[in-house]
Structures are given as structure tokens and as C-alpha cells.
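Report on the structure given below.
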Amino acid sequence: MVDSVRLFAVFTLIASVSLGAPSDLKQSPEAGREKPPTEEEKGAQSGYQPPPPVVTEHTLTLSDGKILNYKAIAGYLLIRDTKPETQPEKDSGRESAKENAQDQLDPSRGKPKAQIFFVAYILDGAEVATRPVTFAFNGGPGSASVWLHMGGIGPRRVVLSDRGDALPPPAKIADNESTWLESTDLVFIDPVSTGFSRAVRGEDPKQFYGYSQDLASVGDFIRIWTTRYARWSSPKILAGESYGTTRAAGLSQYLQDRYGMYVNGIVLISSVLNFQTLEFEPGNDVPYPLFLPTYAAAAWYHKRLRPELQELTLPEVLSQAEAFSSGDYLLALAKGDAASQSDLDRIANQLSRFTGLDADYLKQENLREPIERFTNDLLKDQNRSIGRYDSRFRGIRLHPGTDAQDFDPSDEAVNGPFTGAFNDYVRRELKFETDLPYETVAEVNPWKLAENKYLDVAANLKEAMSRNPYLKIWVCCGYYDLATPYFAAERVVRAMNLDPAIRNNIQFTFYESGHMLYIVREAREKLKDDLGRFLAAALSMKAISSSDR
């Protein structure tokens with residue numbers, strides 16, 4: 001579904017090992033061996049080119065009467081294989097952008113490895129030197145960019161209710177008056193195996209599955225597109241959602257190191273920079289206090305809180321939940337079995353107050369309610385579950401009274417409409433013809449995250465910001481997002497310990513929505529307005545003398 005639909009599944013894939021199965025059949029030494037390609041075949045392979053992109057002309061009228069004339073470009077860019085020379089990486093304790101260099105790709109020469117599908121929107125008549133270009137992608141990993149593209153920031157969008165509910169099929173599309181195209185050109189990228197992007201014939205797509213491998217292929221796409229469409233002189237923005245924020249943070253450093261490309265801004269929508277904040281597993285208590293404020297938001301929305309909290313506004317409830325999470329609850333988790341019975345009773349009562357769950361049940365859980373239970377527990381008495389991506393959504397329990405995981409109702413609200421709408425739009429309006437299925441969510445397992453540790457790209461982002469003091473970061477969070485909760489995003493940024501000289505280069509904005517915060521009409525409109533302010537700040541930075549840093 002959503003860009004982060006595979007996010008939950010891959011958190012445990014911290015280290016991946018592939019084992020081959022021996023054959024039970026005895027074969028001759030030549031049996032099944034592929035003949036080496038002839039020189040003619042080698043030449044044909046290295047000279048392979050995908051079909052040229054399709055260019056169409058469009059017009060959009062905004063709510064204020066302003067008319068946008070723009071070009072849409074839909075097609076492929078080819079990634080080629082070589083193994084670049086690398087210099088030894090100094091040990092800085094961070095996720096190296098040059099890690100696994102043997103897997104990195106240089107598209108300037110070598111045989112084709114993959115063709116990456118994109119849709120770009122270019123405003124007519126704009127000055128390239130001052131017109132920003134935004135490279136946008138979703139996450140997963142394994143998600144196509146359709147969600148940002150057709151849900152929030154592209155010039156056309158899937159029609160949903162104002163609240164973000166699906167309408168009866170078939171899905172419809174309409175002009176998006178909240179498109180970012182008014183302020184920036186847009187390039188939507190589908191990583192390898194997502195959307196229409198594929199490894200070329202004979203290439204194993206798994207070579208692209210992993211944090212470092214993904215940075216290399218997406219980073220090289222950005223470099224090729226920027227070169228081919230003559231946009232090196234344009235201000236550049238990266239916009240990612242969910243695991244796409246992980247990718248964007250890594251790319252900020254990768255593009256600096258690999259190509260000397262310094263971007264002006266990064267937009268992190270539903271941010272995950274440190275996977276330890278999301279992984280509920282024995283011995284890791286980090287997520288529990290970070291999820292609690294969003295538990296409280298969900299309970300408040302569904303009217304499950306005690307009267308003294310239920311009558312408050314959402315910000316007032318969250319303020320109290322944050323204080324409890326950062327204080328008494330955090331201390332109780334740290335005490336573990338050393339906590340007294342009176343402490344357990346007191347903390348369980350407070351947890352019950354903020355979650356709407358029974359205090360005795362919470363004590364049985366040792367004060368630890370993981371996300372996969374909470375989505376089933378909150379409305380258990382009604383045989384309903386709530387959404388993980390957007391906790392405002394309710395769904396009928398398939399297995400009431402059990403801990404079995406049902407479907408995510410917030411997932412189902414968007415899956416069908418977005419898939420159907422894009423398949424119609426790309427062929428009928430963008431004139432891109434293919435019989436390939438558009439993989440909104442692709443199977444990209446095993447995905448290599450990090451070796452024997454939680455992936456943490458906050459250090460990459462900190463280094464990119466320190467080396468480029470003009471880099472502005474904008475973090476957008478939905479209060480009802482139980483996939484990447486807002487309080488976890490805040491905690492990770494606070495723990496970056498940024499130098500005061502660049503600390504104000506990162507800002508937060510909050511929305512009364514979920515993971516795909518833009519499906520709510522008011523949030524989508526606010527997002528566009530907030531983008532205008534972010535770009536104004538990012539593109540008007542004054543020159544900074546190195547002696548003043």
C-alpha cells in the first residue's frame with residue numbers, strides 16, 4: 001500500500017544471508033551452463049536503450065485563477081554498471097555513503113543493469129537557474145512513488161473524501177490545486193522493481209535491494225536526470241516519505257561524496273531516521289514512550305479517554321502525554337523489575353489514562369503495549385481495529401477476540417483507488433504505453449539495512465548539514481501516524497546534537513492526519529502553504545563566511 005507498507009516487515013532484516021540449495025540431480029559439467037555471449041551479443045547488450053520518454057502538454061487552473069502550463073515527461077533512464085574507484089573511508093561511526101562500494105553503480109559506461117521509471121513535471125517558461133527541481137519518492141522499501149505523486153504534490157490527484165476515505169470504485173482523478181508544481185518542478189522516481197522500474201533481462205534485481213545499493217541506484221538516477229535535462233544550475237530539493245526519508249537523508253551525503261552535488265533542501269514526510277525507535281522487540285524499550293503520545297491521539301479521536309482528558313483539545317492531550325512519556329514512564333521502563341509495586345500501579349494507571357486500555361492488562365504486559373496489539377486492543381469491545389498508517393480509520397476485525405493481525409483499514413482506504421487511478425492516468429493522459437503491471441508495492445526482500453545494528457541515518461544527515469550550512473531540512477509529521485510516530489521523529493532530531501550555528505536549519509510541522517498526511521484536504525492545503533515558506537527560506541540563504549561558522 002502506502003510507501004511504508006513493507007517498513008514494518010523489514011525492520012528485523014538487519015543482516016541478510018542468502019543460502020543456495022544443492023541440486024539432487026547429477027549433471028554433466030556442461031549441463032545447464034550458459035554459453036558465453038558472442039562479441040555481437042555483448043555489443044547489443046551494452047548498447048541497449050529503453051524506449052524514449054513520452055512528453056505531453058497540460059494546463060492546470062489553481063483556485064486563485066492562476067494558470068499553470070506544464071510538460072509531463074514519462075519514461076525510463078538507464079542505469080549502467082561499473083565499479084568506481086573508492087578511497088578508504090575514515091571511521092566516523094556513521095553509516096558510510098561509500099559502504100559496500102563494490103555494489104555502487106556508475107551509469108557513464110558499462111552494460112545496462114536497470115531501467116528506472118520516472119514522471120517529471122516541468123513548468124513552461126520558467127528560468128532554469130532559479131526554478132527549483134524536487135526529486136520525490138516514497139519508501140517501503142519496495143514502494144513506488146504513486147502515493148506522493150497522486151495523493152499530495154503532483155498536478156493531478158486521486159479523488160478521496162475530505163477526510164481521506166476511499167469513494168466507491170472505480171477511482172477518479174482531478175486537478176490538484178495544492179500541487180507543489182506552482183513552486184518547483186517535480187520528478188517522481190520509482191526505485192528498481194517498483195512501479196514500472198525493472199532490472200534488465202539477465203540481471204538479478206536483488207543487487208538493488210539494500211540501504212547502500214538503493215542509495216547508489218537512486219543517487220545515480222538523480223545525477224543522470226540532472227545532466228540529461230540540464231538542471232545542474234537549478235536549486236535542488238529531495239522529498240521522501242517514510243523509508244523515503246531514510247533514503248533522502250542518506251542521499252544528502254551520498255550525492256555530496258559521490259558527485260559533489262549539494263542540495264538546498266530536504267523534505268522528510270513521516271520521518272524514520274533511526275530504526276531503533278520503531279522496533280518493538282525484547283530488550284529494546286526505546287519505542288514505547290515514543291509511541292505513547294500517538295496512542296493517546298488515537299484514543300482521543302475514538303473517544304476512549306477518561307472524561308478529564310477527552311474534553312481537552314488534541315494538542316492539550318498530547319502535551320500531557322509527552323510529559324508523562326519523557327518523565328515517569330521513561331524512568332519506570334528503565335527500572336524494569338526493580339520498580340516497586342506501588343510504582344507499577346501508579347504508572348499502569350497513567351498508561352490506562354492515556355491509552356484507554358485496562359490498567360491490569362497493562363501491568364500484565366509489564367507496562368509495554370506494542371503497536372501490533374494496540375491497533376487491535378483499542379476498540380476490541382466493538383470488534384474493530386484501527387489503522388497503523390492512520391489511526392483515525394476503523395476496520396471490521398476478521399478474527400475478533402484474538403491477537404491475530406487483521407488487515408490495516410487505513411491501508412485499504414488508499415490501495416485500490418491509487419492503483420486504479422494511476423494505471424488509467426499514466427496511459428490515458430500521459431500516453432505511456434506498457435503491458436507491465438505497475439507495482440505500487442513490490443517484494444524486495446531480503447533488504448539489507450545494516451550489519452548487527454539498527455540502521456541510523458541521522459548521523460549522515462548531521463554530517464551533510466555540517467558540511468553544507470545552506471542545507472534546510474523540513475520534517476512533516478501526522479499526529480495519527482502509528483507507523484512513524486511524530487514523537488519519535490522529534491526525539492531523533494533532538495539527539496542529533498546539532499551545532500547551534502545550524503540547529504535552526506531544521507524545522508517541524510505537524511498535521512492532524514496520518515502517515516499519508518496529504519490525503520486529508522485541510523492537511524494537503526496546509527502542506528502546500530508550508531512548502532512555500534520552506535522554499536522561501538531555503539532559497540534565500542545569505543552567504544556565510546567560513547570564519548563565521
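The table below lists the values:
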{"item": "Residues located in the range 292-304, provided they are crowded, with 23+ Cβ neighbours inside 10 Å and either within 16 Å of residue 362 (Cα to Cα) or touching a residue at least 60 places away in the same chain (Cβ under 8 Å) (or both)", "result": "292, 293, 294, 295, 296, 297, 298, 299"}
{"item": "Residue in the range 279-297 that is in contact with a Leu (Cβ under 6 Å, 6 or more places away or on another chain), outside any helix (DSSP H, G or I) and over 20 Å from residue 470 (Cα atoms) present", "result": "yes"}
{"item": "Subset of the range 294-344 (residues that are of a type in the set (Ser, Thr, Tyr) and farther than 9 Å from residue 354 by Cα)", "result": "294, 301, 313, 319, 325, 326, 329, 340, 342"}
{"item": "Answer from 174, 136, 166, 126 - the residue that is closer than 30 Å to residue 211 by Cβ and either of a type in the set (Gly, Ala, Ser) or in contact (Cβ under 8 Å) with a residue 24 or more places away in the chain (or both)", "result": "136"}
{"item": "Qualifying residue in the range 393-408 (condition: of a type in the set (Phe, Trp, Tyr), within 30 Å of residue 172 (Cβ to Cβ) and under 20 Å from the mean Cα position of the chain (by Cα))", "result": "no"}
{"item": "Qualifying residue in the range 332-347 (condition: farther than 30 Å from residue 137 by Cα and either hydroxyl-bearing (Ser, Thr, Tyr) or within 27 Å of the chain's Cα centre (by Cα) (or both))", "result": "yes"}
{"item": "Selected residue (criterion: nearest to residue 263 (Cα to Cα)) from residues of the range 498-527 that are among the basic types (Lys, Arg) and touching a Gly at 6+ places or on another chain (Cβ under 9 Å)", "result": "524"}
{"item": "Test result for residue 538, in contact with a Lys or Arg (Cβ under 7 Å, 6 or more places away or on another chain), surrounded by fewer than 16 Cβ atoms within 10 Å (Cβ to Cβ) and touching a residue at least 40 places away in the same chain (Cβ under 8 Å)", "result": "no"}
{"item": "Pairs, first acidic (Asp, Glu) in the range 187-200, second part of a strand (DSSP E or B), C-beta under 6 Å, six or more apart", "result": "190/117"}
{"item": "Total residues in the range 351-406, condition assigned to a helix (DSSP H, G or I), aliphatic (A, V, I, L, M) and either modelled with pLDDT under 95 or within 29 Å of residue 166 (Cα to Cα) (or both)", "result": "1"}
{"item": "Among residues of the range 144-180, those that are on the phi < 0 side of the Ramachandran plot and assigned to a loop (DSSP other than H, G, I, E, B), counted", "result": "21"}
{"item": "Of all residues making up the range 141-191, the number that are in contact with a Lys or Arg (Cβ under 8 Å, 6 or more places away or on another chain), charged (D, E, K, R) and more than 26 Å from residue 387 (Cα to Cα)", "result": "3"}
{"item": "Residue ID - surrounded by the most Cβ atoms within 10 Å (Cβ to Cβ), chosen from residues in the range 350-384 that are at positive phi and free of Cβ contacts under 8 Å to residues at least 60 places away in the same chain", "result": "356"}
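Residue-by-condition table, conditions (1) at pLDDT below 95; (2) over 23 Å from residue 539 (Cβ atoms):
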{"site": "422", "(1), (2)": "no, yes"}
{"site": "435", "(1), (2)": "no, yes"}
{"site": "448", "(1), (2)": "yes, yes"}
{"site": "452", "(1), (2)": "yes, yes"}
{"site": "466", "(1), (2)": "no, no"}
{"site": "475", "(1), (2)": "no, no"}
{"site": "491", "(1), (2)": "no, yes"}
{"site": "503", "(1), (2)": "no, no"}
{"site": "509", "(1), (2)": "no, no"}
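The values are calculated or read from the model by the stated rules, or taken from the named source; none is laboratory data. If you're wondering where the values come from, they're calculated on a predicted model, not measured in any experiment. Note that we place each Cβ from the backbone using ideal geometry, even for glycine, and neighbour counts take in every protein chain shown.
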